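Inspection log for the structure reproduced underneath, given as structure tokens.
The values are calculated or read from the model by the stated rules, or taken from the named source; none is laboratory data. No experiment lies behind these values; they were computed from the predicted model shown. FYI the Cβ positions are ideal-geometry reconstructions off the backbone, even for glycines, and counts take in every protein chain you see.
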Amino acid sequence: MQQVNLGMIGGGTVGGGVFQALQRNGDLLAARAGVGVRLQRIAVKALDEPRKVEIPPALLTTDWRSVVADPQVHIVAELAGGTGIAREMILTALKLGKPVVTANKALLSACGEELFAAAREHGTNLYYEASVAGGIPIIKSLREGFIGNRILRIYGIVNGTCNYILTRMQLEGAEFADVLADAQRQGYAETPPDLDIDGHDSLHKIGILASLAHGFWVKPGQIHVEGIRNISKMDIQFAGRLGYAIKLLGVVKKMPAGTRRTAPANGGPVQVAVHPALIPHTHVLASVNDTFNAVFVRGDVVGDTVFYGRGAGQDPTASAVLSDLADAALDLKLGTRNRLPPFVPHERNGRVLPMADAVSRFYLRLSVADRPGVLAKVAAALARNKIGISSVIQPEGHEGASVPLILMIHDAPNRAMSRALAHIGRLPAVKAPPVMIRVENFE
Ligand code: NDP
Ligand code: HSE
């Protein structure tokens, strides 16, 4: 088989990008892979929809089923999005034994286990490089490049919209709402943008990476998530003065054996979370700005690695889809559709660490009455929960009914911190709900 035919569903941002990239570099891909990918047909929702990339009308249809069922179509790319009809599109193709390429992180997060099982059952494969961090080849790296490593840590800045907003707030002192509107205009933000801002898009991506790295399926409900809605300009400025940037960070940490509630046979549980974090300016992830994504992976053999690039948009995402198309075409050509299944559940006793048990350092900002004894009361509430303070700053130049008080907190379990914060929030001298942001030191 020297050429395979592709049936695509979706001719929007990503589908249009794939069409264009195949036009530009299809010959190069064929020369390198020894097998060409020919675009047979593209299903869209409406034929007269205006498109950024012009697609010849002869290629278009509104009947996705006819594309999937076409005997001339060997590979199906689901680039329509959503978690409803997209699931049916993928299952229909897999049941016909056709390999599927998708960029749909929301669907994989919700139904990955089912879709991967269907691929296995029907002797075919599901490829999803574009679902996490756009143009960065992180899925292939975890599945193949690091196949001989136990993965100890993954830290990901995997949402371009949030990173863009936080970067502009940090560098320009811009307001959250203004920058969000800009991100929407540039086409990075989801519609509505809540999926980005509240951390769920990052959760989908981090869940996929955690599952791949640890060999058991991490369900979305097991992932602690906090978005960036409550990050203020003031916190970004204070963090900056303390030597930190604030980023929305996906965190996957393998705990050593012996951690509470651990099955001894497989080491410790895995912490999987998405939340804003203070990152030291000296760490490489602190300088990942604008819409860029980065993923830091620590393996027990390779050590620390960092992947950086554009995590969204027409061309970077198309680049990831082309990589999957080449893999699918090669597997068809060589008859190796199951060479590397999409997800191998190799950890039977894998478990996620409850966030309450996770330990972290913290940044705490309080608005307090500026009078003697307040700091002592705050320190006492922390001490009662066995929480130590590493530094205290009361910045000068603030006057009025309340002033900011910044505390950097030593390592403490989230459960203890939540209890202490509930107590501190009730102190009469504390004038607004405490602001708590975790500090990541990458140990
Ligand atoms: P768009 O909304 O730009 O495009 C969706 C396409 O799917 C459109 O062409 C639409 O048709 C078509 N479509 C929708 N429903 C149907 C249907 N029932 N039958 C046939 N065609 C249909 O989305 P994107 O290209 O941005 O996203 C596609 C996928 O890629 C999503 O899963 C997304 O999460 C993922 N992704 C997107 C990234 C990005 O930067 N945009 C980055 C990484 C992943 P019509 O054109 O007629 O409306
Ligand atoms: N809305 C997503 C982002 C698109 O901002 O990163 C890419 O998945």
Worksheet, complete the sentence: Filtering segment 287-305 down to residues that are within 19 Å of the chain's Cα centre (by Cα) and hydrophobic (A, V, I, L, M, F, W, C) yields VAL288, PHE292, ALA294, VAL295, PHE296, VAL297
Fill in: Filter result for ASN25 (within 16 Å of ligand 2 (Cβ to nearest atom) and of a type in the set (S, T, N, Q))
no
Fill in: Matching residues in segment 368-394 - criterion: being under 35 Å from the mean Cα position of the chain (by Cα), assigned to a loop (DSSP other than H, G, I, E, B) and either loosely packed, with under 15 Cβ neighbours inside 10 Å or at positive phi (or both)
LYS386, GLY388
Worksheet item: For ASN104, all conditions in the list (1) away from ligand 1 (no atom under 13 Å from the Cβ); (2) surrounded by 22 or more Cβ atoms within 10 Å (Cβ to Cβ); (3) of a type in the set (S, T, N, Q) hold save one; what is the number of the exception?
Response: (1)
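If a residue has to be modelled with pLDDT under 95 and among the hydrophobic types (A, V, I, L, M, F, W, C) to count, how many in segment 243-269 make the cut?
Of the residues in segment 243-269, the ones modelled with pLDDT under 95 are 255-268.
This time we only want the ones that are among the hydrophobic types (A, V, I, L, M, F, W, C), so: 255, 257, 263, 265.
Adding up the residues that qualify gives 4.
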Fill in: Among residues of segment 130-140, those that are near ligand 1 (Cβ under 10 Å from one of its atoms) and within 10 Å of ASP324 (Cα to Cα), counted
1
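Got a number for residues in segment 182-219 being touching a Gly at 6+ places or on another chain (Cβ under 6 Å), more than 9 Å from ligand 2 (Cβ to nearest atom) and assigned to a helix (DSSP H, G or I)? Reasoning before the result, please.
The first filter runs over segment 182-219 and keeps only residues touching a Gly at 6+ places or on another chain (Cβ under 6 Å), leaving 188, 197-199, 202, 206, 214, 216, 218.
With the extra rule that they be more than 9 Å from ligand 2 (Cβ to nearest atom), the set shrinks to 197-199, 206, 214, 216, 218.
Keeping just the survivors that are assigned to a helix (DSSP H, G or I) gives 197, 206, 214.
Looking only at that region, the number is 3.
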Practice prompt. Filter segment 157-173 for residues that are more than 8 Å from ligand 2 (Cβ to nearest atom), more than 12 Å from LEU285 (Cβ to Cβ) and β-branched (Val, Ile, Thr) and give the result.
Written response: ILE165, THR167
Response to the item:
Apart from one, (1) in a helix (DSSP H, G or I); (2) in contact with a helix residue (DSSP H, G or I) (Cβ under 9 Å, 6 or more places away or on another chain); (3) away from ligand 2 (no atom under 13 Å from the Cβ); (4) at pLDDT 95 or above all hold for ASP178; the odd one out is (4)
Worksheet item: Do you know which residues across segment 1-39 are without any contact (Cβ under 8 Å) to a residue 40 or more places away in the chain, among the polar types (S, T, N, Q) and either over 24 Å from GLY81 (Cα atoms) or within 15 Å of ligand 1 (Cβ to nearest atom) (or both)?
Response: GLN3
Worksheet item: Scanning for something over 31 Å from the mean Cα position of the chain (by Cα), away from ligand 2 (no atom under 16 Å from the Cβ) and outside the structural domain of THR191 (by TED's automatic domain parsing), does segment 44-51 turn up at least one residue?
Response: yes
Worksheet item: Residues in segment 222-240 that are free of Cβ contacts under 8 Å to residues at least 60 places away in the same chain and either farther than 22 Å from VAL295 by Cα or aromatic (Phe, Trp, Tyr) (or both): how many?
Response: 1
Item to complete: Look at segment 52-101 and say how many of its residues are away from ligand 2 (no atom under 16 Å from the Cβ), of a type in the set (Gly, Ala, Ser), surrounded by fewer than 18 Cβ atoms within 10 Å (Cβ to Cβ) and within 26 Å of the chain's Cα centre (by Cα).
Response: 1
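Within segment 66-82, which residues are under 23 Å from GLU113 (Cα atoms) and within 9 Å of ligand 1 (Cβ to nearest atom)?
Going through segment 66-82, the residues under 23 Å from GLU113 (Cα atoms) turn out to be 68, 75-82.
Those that are under 23 Å from GLU113 (Cα atoms) and within 9 Å of ligand 1 (Cβ to nearest atom): GLU78, LEU79, ALA80, GLY81, GLY82.
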Worksheet entry | Test set (1) without any contact (Cβ under 8 Å) to a residue 60 or more places away in the chain; (2) within 15 Å of the chain's Cα centre (by Cα) - LEU108 fails condition number | (1)
Discussion item. Given the criteria touching a Phe, Trp or Tyr at 6+ places or on another chain (Cβ under 9 Å) and polar (S, T, N, Q), does SER202 qualify?
Written reply: no
Response to the item:
Listed by first then second residue, the pairs whose first member lies in segment 182-196 and is assigned by TED's automatic domain parsing to the domain that holds ARG229 and at pLDDT 85 or above, whose partner is of a type outside the set (Phe, Trp, Tyr) and more than 6 Å from ligand 2 (Cβ to nearest atom), with beta carbons under 6 Å and at least 6 positions apart or on separate chains, are ASP196/CYS162
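Residues are listed down the side, and each one gets a yes or a no for (1) of a type in the set (A, V, I, L, M); (2) more than 15 Å from LEU195 (Cα to Cα); (3) not assigned by TED's automatic domain parsing to the domain that holds LEU6:
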position	(1), (2), (3)
ALA106	yes, no, no
CYS111	no, yes, no
GLU114	no, yes, no
LEU152	yes, yes, yes
THR161	no, no, yes
Fill in: Scan of segment 429-443 for residues that are over 18 Å from ALA273 (Cβ atoms), exposed (fewer than 14 other Cβ atoms within 10 Å of the Cβ) and in contact (Cβ under 8 Å) with a residue 24 or more places away in the chain, ordered by number
ALA432
